[in-house]
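Laboratory data are not the source of any read-out in this text; all were calculated from the coordinates shown. Predicted, not measured: the structure shown is a model, and the values here were computed from it. All Cβ positions, even for glycine, are placed from backbone atoms using ideal geometry, and neighbour counts span all protein chains on display.
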Amino acid sequence: MKIRQVLEALEQFAPLPLQESWDNAGLQLGLTEADVSGALLCLDVNEQIVDEAIRKGCNLIVSHHPLLFRGLKQISGADYVQRCVIKALKNDIVIISMHTNMDNAKNGVNWKIAERLGLQELSFLAPSPLERAGGEASGSGVIGSLPEPMAADDFILMVKRQFGVECALCNELLRRPIQKVALCGGAGDFMLDDALCQGADAFITGEMHYHQYFGYEQRIQICVIGHYQSEQFTTEIFRDIINKECPGVRTEIAETNTNPILYI
Ligand SMILES: [Zn+2]
């Protein structure tokens, strides 16, 4: 099977028109007419990831965050992005990124987070106008319900466990039970007021600015779990799409942890 066919399957699931205007999702580099020898699935591309692809005989890397974001004016190896480009091209590795198109797609990044939390009756927190996706439902964030109400401290412990979070950043513990949960993976703080408007008891995201925590005490339980942690299971979405649509293509979820943030 050609790499192009894998690209088409991914774009079928998360069409590129769903991405935000500032984004650069899609094919990053490489020639897609080659046969795919294996696909390494990851959140970010760094040099360790390209090395892992080489080691595992994968000529395709599928990442969530784009490697190329600001554009390259020079390719000399001066920074890690340029070094990744050089190493990938030298080793005939193709890089594809499925970023905000996968955030905004039905069953995308946020649906995966909701699945991990066991939420039911899922819907988009802020649905997009339909024409953007050629009629397909899309939108930002997800809202759903826990099967049973939970006390705030139990809820936060459950979230930490499910996402392997060492330290969650929360506001004052909510003194009413939590059942309706809104979430947005990554830097999703812009959705906090949508969560409140939709009647969510709790809002989970990857990162949030200090000042945004103010004024929500006893209105909504904020739980910030880290950008990488919140989106880490996106690789399972890639795996499931490729296994279903591209039978016979070997998929490997990356062993390299690309989170640049350490909790010390
Ligand atoms: Zn992200």
Separation of alpha-carbon centers, region 238-264 and region 30-59, rounded to whole Å: 10 Å
Considering only the chain, what is the antiparallel percent among its DSSP beta bridges, to the nearest 5? 45 percent
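Nothing charged except the Cβ atoms of Lys and Arg (+1) and of Asp and Glu (-1): what's the magnitude of the dipole of region 1-147 about its Cα centre? Round to the nearest 20 debye. Write down the numbers at each step before the final one.
Numbers: 13 positive and 17 negative charges, 63 e Å.
Roughly 300 debye, rounded to the nearest 20.
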Putting +1 on Lys and Arg Cβ atoms and -1 on Asp and Glu Cβ atoms, find which of Val81, Ala151, Ala126 reaches farthest to the positive end of the dipole of region 80-200. Val81
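Let a ≥ b ≥ c be the square roots of the eigenvalues of the Cα gyration tensor of region 10-96; is it rounded (a/c under 1.5), or, if not, prolate (a/b larger than b/c) or oblate? Can you show the working numbers first?
Values: a/c = 1.78, a/b = 1.12, b/c = 1.59.
Oblate, because a/c is 1.5 or more while a/b does not exceed b/c.
Where does each of Leu10, Leu146 land when they are ranked from fewest to most other beta-carbon atoms within 10 angstrom? Spell out each step's value before the answer.
On the way: Leu10 27, Leu146 19.
Lowest to highest Cβ neighbour count: Leu146, Leu10.
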Among Gln229, Gln218, Gln74, the residue with the largest mean-square fluctuation in a Gaussian network model of the chain built from Cα contacts under 10 Å is Gln74
FRET E, pair Arg250, Arg175, Förster distance 30 Å, beta-carbon r, rounded to 0.05: 0.05
Per DSSP helix of 4 or more residues, -39500 (n - 2.57); summed, then divided by the residues of the chain. What does that give at 222 nm, rounded to the nearest 500? -8500 deg cm²/dmol
Assigned charges on the beta-carbon of Lys, Arg, Asp, Glu; region 98-216 dipole about Cα centre (debye): 160 debye
Using only Cα atoms, tell me the angle between helix 3-13 and the longest principal axis of the chain; keep it within 0 to 90° and round to the nearest 10. 20 degrees
Gyration tensor verdict on region 204-250 (Cα atoms; rounded if a/c is under 1.5, prolate if a/b is larger than b/c, oblate otherwise): prolate
Can you bin the chain into rounded, prolate or oblate? Criterion: square roots of the alpha carbon gyration tensor eigenvalues sorted a ≥ b ≥ c, rounded for a/c under 1.5, prolate for a/b above b/c, oblate for the rest. prolate
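Using Cβ contacts closer than 10 Å as the measure, can you line up Ser230, Ser76, Ser37 from fewest to most? Write down the numbers at each step before the final one.
Values: Ser230 28, Ser76 9, Ser37 16.
Placing the least packed residue first, the sequence is Ser76, Ser37, Ser230.
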Treat each spin label as a single point 7 Å out from the Cα along the C-beta direction, and report the Gln120 to Gln218 distance in nm. 3.1 nm
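With an 8 Å cut-off on Cα pairs and a minimum separation of 6 or more residues, tell me the relative contact order of region 158-212 in percent. Write out the running numbers ahead of the final one.
Working: 55 pairs, mean separation 18.2, N = 55.
Relative contact order here is 33 percent.
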Say we join alpha carbon atoms closer than 10 Å with springs in a Gaussian network model of the chain; which of Ala195, Ala126, Ala114 then has the biggest fluctuation? Ala126
Among the aspartates and glutamates, which have Cα under 18 Å from the Cα of Lys90 when same-chain residues fewer than 8 positions away are ignored? Glu33, Asp35, Glu47, Asp51, Glu52, Asp79
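Can you figure out the FRET efficiency of Leu157 with Arg55, using R₀ = 35 Å and their beta-carbon distance, to the nearest 0.05? Write down the numbers at each step before the final one.
Numbers: r = 37 Å, r/R0 = 1.05.
Result of the calculation: an efficiency of 0.45.
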Using 0.36 nm per residue, how much length does the chain from Asp240 to Leu196 gain when fully extended, once their Cα-Cα distance is taken away? 12.6 nm
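Using a 10 Å cut-off around each Cβ, can you sort Ile93, Ile113 from fewest to most neighbouring Cβ atoms?
Numbers: Ile93 24, Ile113 31.
Ordered from fewest to most neighbouring Cβ atoms within 10 Å, Ile93, Ile113 come out as Ile93, Ile113.
Treating only the Cβ of Lys, Arg, Asp and Glu as charged (+1, +1, -1, -1), what charge dipole size does the chain show about its Cα centre? Round to the nearest 20 debye. List each step's numbers first, then the result.
On the way: 22 positive and 34 negative charges, 77 e Å.
About 360 debye.
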